[in-house]
Amino acid sequence: MYAILVHGGAGKVSPERFDSAKKGTRNAVEAGIEILKSGGRALDAVEAAVKVLEDDPTFNAGTGSVLTFNGEVEMDAAIAYGPNFDFGAVAGVKNIRHPISLARQVMEKTDHVLLAGKGANNFASLMGFEPHDPVVQRRREQWESYRKDFLNGDYKDWPKLRKLFQEHPEFLHGTVGAVAVDSHGETAAATSTGGVFLKLLGRVGDTPIPGAGTYATPHGAASSTGLGEGMMRVLITKVAADFLKMGLDAQHAATAALNYLDNTVGTEAGIIVVDRHGEIGYAYNTPNMSHAYFKEGMKEIESDL
Ligand code: GLY
């Protein structure tokens, strides 16, 4: 029984972006189904799905990523392979098209788990990744406007950014992720993001941290979205994986993990989960989390916000 579930980020999707968010997540699921329906691997399916989302400027990952305070794009991505807890990630990587594929190269071609900054970019060159500018005009305009507000004092101090993000979850939308189980019962997760608007250069979020933004075990896989500073402290995807191990199904694990976050650090977030039996689950505490899924036997892809 195969299944794939993707998200395009928790936050607030403005009505004029509803259609593109739905279409984008459906396209990503289709890319995954192409692989899974012929007996392909969950690992290939989640990478293919996230590559589609990274190429879609609707989402805050790859092309269309949000800008740092300094006006650059620094991206984080991670991929996790459930059967043996394998994990590969990159943080603060610049000027490449598919950070998720670089994360996979870290997992498969190195003895490391996470490469950051200049080292990650050097590794990308070594692996033959072509330079690619991920900045799009819409993000540059948003950056100019938010930065002006910040400099005018409307953002107050950095510690207050967290409160600001809670009051304006629209700032957060966009991290993308995919979880899948294949017909061999193997699970995998992949997550990719430009991070959060106006982040300091060098800031790394939850996405590339094992158990925070991305995790997979033999029992299932999870990918999260939202304000990384909260999820890194409670390791929300590890919490979901632990619930799966205790015997909860994917939906109960997703709900319980989000409840745990709400009752501890209480930040804006969303999570998607698949279990090894082919069940899917998702939960979010923001106005929207664009998502789409397909399970073997369904007639059509389901998608919603
Ligand atoms: N969840 C994305 C980030 O905080 O970087």
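A short reminder: the numbers here are calculations on the coordinates, not readings from a lab. All figures in this text were calculated on a predicted structure; none of them were measured in a lab. We place every Cβ from the backbone using ideal geometry, glycine too, and count neighbours over all the protein chains shown.
Take every Cα pair under 8 Å in the stretch 33-75 that's 6+ residues apart, average their separations, divide by the length, and report that relative contact order as a whole percent.
19
Can you bin the stretch 1-132 into rounded, prolate or oblate? Criterion: square roots of the alpha carbon gyration tensor eigenvalues sorted a ≥ b ≥ c, rounded for a/c under 1.5, prolate for a/b above b/c, oblate for the rest.
Taking the square roots of the gyration eigenvalues as a ≥ b ≥ c, the stretch 1-132 is oblate.
Among the GluC sites (Glu not before Pro) within the stretch 51-141, which fall in a DSSP loop and have no more than 16 other Cβ atoms within 10 Å of their own Cβ?
E72
Where does helix 18-36 land angle-wise versus the long Cα axis of the chain, in degrees 0 to 90, nearest 10?
40
Please arrange M107, M127, M75, M246 by counting, for each residue, the other beta carbons lying within 10 Å of its beta carbon, fewest first.
Going from sparsest to densest Cβ surroundings: M246, M127, M107, M75.
Could you grab the relative contact order for the chain? Cα pairs under 8 Å, six or more apart, rounded to a whole percent.
After rounding, I find 27 percent.
If one takes the longest principal axis of the Cα atoms in the chain, at what angle in degrees, from 0 to 90 and to the nearest 10, does the Cα axis of helix 250-263 lie?
30
Can you grab the distance from the C-alpha centre of the stretch 63-119 to the C-alpha centre of the stretch 225-300, Å, no decimals?
22
List the pairs from K22/K199; K51/K94; K22/K299; K23/K295 whose alpha-carbon separation is above 22 Å, in the order I gave them.
K22/K199
Please list the non-local residues whose amide H lies under 5 Å from the amide H of S290, H modeled 1.01 Å from N, same-chain partners needing a gap of 5 or more.
Those lying under 5 Å, H to H, from S290 are G8, G9.
With contacts defined as alpha carbon pairs under 8 Å and 6 or more residues apart, what's the relative contact order of the stretch 223-305 in percent?
Answer for the stretch 223-305 is 27 percent.
Using modelled amide H (1.01 Å from N, peptide plane; none on Pro or chain starts), what sits under 5 Å from the amide H of Y215, excluding residues fewer than 5 places away?
HN-HN under 5 Å from Y215: A222.
Using DSSP to define loop residues, name the trypsin sites (Lys or Arg not before Pro) in the stretch 248-305 whose beta-carbon has at most 15 other beta-carbon atoms within 10 Å.
Hits after loop and neighbour filter: K299.
Tell me, what ³J(HN,Hα) does each residue in the stretch 126-131 have, in order and in whole Hz, if you take phi through Karplus 6.51 cos²θ - 1.76 cosθ + 1.60 with θ = phi - 60° and put x for Gly and Pro?
Coupling constants for the stretch 126-131: 4, 7, x, 6, 6, x Hz.
Based on the alpha-carbon gyration tensor of the stretch 190-296, what equivalent-ellipsoid semi-axes (square roots of 5 times the eigenvalues) come out, in whole Å, largest first?
22, 14, 13
Can you divide the C-alpha Rg of the chain by 2.2 N^0.38 Å and report the result to two decimal places?
0.90
Quick one: S65, S303, S223, fewest Cβ neighbours within 10 Å first, how do they rank?
Ascending number of Cβ neighbours within 10 Å: S303, S65, S223.
From the backbone phi of the stretch 213-229, what are the Karplus-calculated ³J(HN,Hα) couplings (6.51 cos²θ - 1.76 cosθ + 1.60, θ = phi - 60°) in whole Hz, Gly and Pro given as x?
Here the 3J(HN,Hα) series is x, 8, 6, 8, 9, x, 8, x, 9, 8, 9, 10, 8, x, 7, x, 4 Hz.
Can you show me the helix-derived [θ] at 222 nm for the chain, built from DSSP H runs with n ≥ 4 at -39,500 (n - 2.57) apiece and divided by the number of residues, rounded to the nearest 500.
-11000 deg cm²/dmol, from helical runs alone.
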